[in-house]
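The values are calculated or read from the model by the stated rules, or taken from the named source; none is laboratory data. Quick caveat, the model's predicted, so the values are computed rather than measured. Counting neighbours? That spans all protein chains shown, and the Cβs are built from the backbone with ideal geometry, glycine included.
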Amino acid sequence: MPGPSAAYVDALHLTATAAEVPSEANRLEGMSEATVSFSADQVDSNYFGSDGYKRRKKTLKDFTIPLSGHLFKGSAPHVLLRSSFTTDTIIYLLVIEDENATEGSRGWRYPVTVDTYEEGKSVTDLVTLSVTLNCAGAPVAI
């Protein structure tokens, strides 16, 4: 019987193209929170003569990934986050759950747009980073 899943991933990577593979150059450092929230649009599927209760059918699926942590200024993935926000381009978040697993079981590649970008500054602390990544297509197992 399977047990509960560990609440960590081996690595997060951020790439400009879907063809790029995880590497040290595109490793997204400093993130402490990366939750993937899935949802789906729904339409009513009732018909006349039904029992009076709504029935719904899922249509288009969606996901949102809020990332938060610390900014690593000059790091290529952190620069890519900001430039993607300002240019409204699609980038790819690679969530590596098990880097030693077989191909197709290592994790997920999420095509995303950066819809919010926030740097938090404090006199006594490190610069924080919060971004919201939104769905730009179906996730792909990697």
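Can you tell me which residue is nearest to D10 (Cα to Cα) among those in region 119-142 that are in a loop (DSSP other than H, G, I, E, B) and of a type in the set (A, V, I, L, M)?
The qualifying residue nearest to D10 (Cα to Cα) is I142.
Scan region 111-118 and give yes if some residue there is polar (S, T, N, Q), modelled with pLDDT of 95 or more, more than 13 Å from P66 (Cβ to Cβ) and assigned to a strand (DSSP E or B), otherwise no.
Kept after step one, since they are polar (S, T, N, Q), are these residues of region 111-118: 113, 116.
Next, from what is left, pick out any that are modelled with pLDDT of 95 or more: 113, 116.
Those still in the list that are more than 13 Å from P66 (Cβ to Cβ) too: 113.
From the residues that got through so far, the ones that are assigned to a strand (DSSP E or B) too are 113.
For region 111-118, residues polar (S, T, N, Q), modelled with pLDDT of 95 or more, more than 13 Å from P66 (Cβ to Cβ) and assigned to a strand (DSSP E or B): present.
Output the residues belonging to region 46-85 that are free of Cβ contacts under 8 Å to residues at least 40 places away in the same chain, among the hydroxyl-bearing types (S, T, Y) and assigned to a loop (DSSP other than H, G, I, E, B).
Selection gives Y47, S50, Y53.
Which residue, of T89, T102, T128, is of a type in the set (S, T, Y) and farther than 28 Å from S39 by Cβ?
T102
Would you call T102 at negative phi, part of a helix (DSSP H, G or I) and among the hydroxyl-bearing types (S, T, Y)?
Numbers: at negative phi: yes; part of a helix (DSSP H, G or I): no; among the hydroxyl-bearing types (S, T, Y): yes.
No: the conditions fail for T102.
Being modelled with pLDDT of 95 or more, among the polar types (S, T, N, Q) and more than 14 Å from I142 (Cβ to Cβ) is the filter here, so list the residues in region 1-37 that pass it.
Once the filter is applied, which keeps residues that are modelled with pLDDT of 95 or more, among the polar types (S, T, N, Q) and more than 14 Å from I142 (Cβ to Cβ), region 1-37 yields only S37.
Scan region 7-27 and report the pairs whose first residue is within 14 Å of V112 (Cβ to Cβ) and whose second residue is of a type in the set (D, E) and surrounded by fewer than 11 Cβ atoms within 10 Å (Cβ to Cβ), with Cβ atoms within less than 9 Å and a gap of 6+ or a chain change.
Close Cβ pairs satisfying both conditions: none exist.
Is it the case, given these coordinates, that V43 is outside any loop (DSSP other than H, G, I, E, B), more than 19 Å from A138 (Cβ to Cβ) and modelled with pLDDT under 95?
yes
Pick from G104, G69: which is at pLDDT below 95, under 30 Å from G120 (Cα atoms) and not acidic (D, E)? Lay out the reasoning, then the answer.
Details: G104 fails: under 30 Å from G120 (Cα atoms).
Every option except G69 fails the conditions.
Can you list residue pairs whose Cβ atoms sit under 6 Å apart, with the first residue in region 114-137 being on the phi > 0 side of the Ramachandran plot and the second being at pLDDT 95 or above? Count only pairs 6 or more apart in sequence or on different chains.
G137/P111
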